[in-house]
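Values in this text are rule-based calculations from the coordinates and carry no lab data. This is a predicted model, so every value here is computed, not measured. FYI the Cβ positions are ideal-geometry reconstructions off the backbone, even for glycines, and counts take in every protein chain you see.
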Amino acid sequence: MSKAISGFSKLSKEEKIGWIANEYFSNPEAAAALLKKYWNADAALQQLHDEFIENTITNFYLPLGVAPNFTINGRDYIIPMATEESSVVAAAAKAAKFWSARGGFKATVINTEKIGQVHFIFNGTSEKLQAFFDTVKPKFFEGTQSITANMQKRGGGILDITLRDKTAELHGYYQLHATFDTKNSMGANFINSCLEQFSRILKEEALAYAEFTETEKQVQVVMSILSNYVPNCIVRAEASCPVAELNVDSGIDPQEFASKFLTAVRIAEIEPYRAVTHNKGIMNGIDAVVVATGNDFRAVEAGVHAYASRNGQYGSLSHAKVENGIFTFWLEVPLALGTVGGLTSLHPLVKLSHEMLGNPNADELMQIVAVAGLAQNFAALRSLTTTGIQQGHMKMHLMNILNQLHATENEKLEAVKHFQNNNVSHSAVHSYIDQLRKFDPTTIEKDFLQ
Ligand code: MEV
């Protein structure tokens, strides 16, 4: 039977839940109860979250953790991170502590240019279109004054607009390629509003341009949209120390560690299969801070991976070298972030995250986020090239396994003690808990027995 429904969005939240529970669940009462269990008791707070998107039925939790001891450009930070991956925050905190004892991280914003394009089809010669564009170019700036006035007051606005001829790749295809400075906002709404106004001006001016034939006057705008590829919105994060101070663990020679670390980075520079995983580790840190600070992680992900392929082959975002006995590890990433607008003034936990970071401006946030990515990458490579990743990862995953087994608080305490010196695996934890329960059946939670 079809489960199609019309007018779903008009139903109340209760009605939506009722319909879904009945249509899709074998136990509708349990499904509805679970969805409602995640509602916030504070009705106003719940309404705020309900209104972020369409058809909200409940909240979906992600833990918000913090990684302390980050020193960036001489200033101390505790970094909020929203993520579900068990080892990410611990790894960031470990790397932060390691580097804070060695001068901390340095970060620099290289540039902050954002990009938007009007994609259109013109049936005529490119010379004629260029002449038209040169004549009407000032009108794009004049005609967007009402949109740009506030941004200009803040020192931003439209930087430039150029005409790009893409006809070699697609018949009749041209672009208005515009660059923007959006200051402390990510700028998506600002840029898209400007672009849609450009497209109106383009069509009107083409119609009125006496040099155009009737066919040429019919400029066809296909779409107007910002680009999430921002190769001129780059931040660099770096950590360095004498090789001799790379005493990452007792028993591991710093020279040997540095050499293995450099080789691991080199492999990620030349081998796409490894580069993707290497960069995924960087994004573990970047995304967690991007989410906690209310920024658009999909935009960041898309832009970062495009940047990682800018030379024609996907490669590492981070690099490392040893020169004159100094180990340097750095990355450069494109990050279009905002500290005003969007969720930043709406989501209470996002506001809290910004305050925890000292209410950074967009440049400072770019630096913090890039450092979180570099720290994460350092922690991953350190584990991978020494103990292997599973030791730390499974230790952090232990709690998830214990929760799956409905372990009691006592069992968790015992298990954490036991697995400090034993390898964590699903079956090892299972057997250990079984064994505990054989000795002390009273520790088994009631709901586990039912
Ligand atoms: C796991 O989420 C991330 C790592 O795979 C990153 C890496 O391999 O560098 C550990």
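What the table shows:
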quantity	calculated
Taking Ser87, Ser6 and counting other C-beta atoms within 10 Å, the order from fewest to most	Ser6, Ser87
Estimated vicinal HN-Hα couplings, Hz - region 252-258 in sequence order (Karplus 6.51, -1.76, 1.60; Gly, Pro = x)	10, 5, x, 4, 5, 4, 4
Computed helical MRE - 222 nm, the chain, DSSP H runs ≥ 4 contributing -39500 (n - 2.57), nearest 500	-15500 deg cm²/dmol
The chain, dipole about Cα centre (Lys/Arg Cβ +1, Asp/Glu Cβ -1), debye to the nearest 20	400 debye
Overall form of region 11-50 per C-alpha gyration tensor (a/c, 1.5; a/b vs b/c)	oblate
Computed over region 114-227: relative contact order in percent, which uses C-alpha pairs under 8 Å that are six or more apart	44 percent
Inverse mean reciprocal Cα-Cα distance (Kirkwood Rh) of the chain, Å	25.7 Å
Relative packing of 394-400, 235-241, 213-219, which averages over residues the other C-beta atoms within 10 Å, highest first	235-241, 394-400, 213-219
Three principal axis lengths of region 114-227 [C-alpha, angstrom, descending]	42, 28, 18
Whole-Hz couplings from phi, Karplus 6.51/-1.76/1.60, listed for region 216-222; x for Gly and Pro	5, 5, 8, 5, 9, 7, 8
Estimated vicinal HN-Hα couplings, Hz - region 229-246 in sequence order (Karplus 6.51, -1.76, 1.60; Gly, Pro = x)	8, 10, x, 10, 9, 10, 10, 10, 10, 8, 9, 8, 6, x, 3, 4, 8, 7
Unit Cα scatterers, Debye sum, region 40-116: log10 I(q)/I(0) for q = 0.12, 0.15, 0.25 Å⁻¹	-0.60, -0.78, -1.05
Pairwise Lys count, region 114-227 - Cα closer than 28 Å, eight or more residues apart or different chains	25
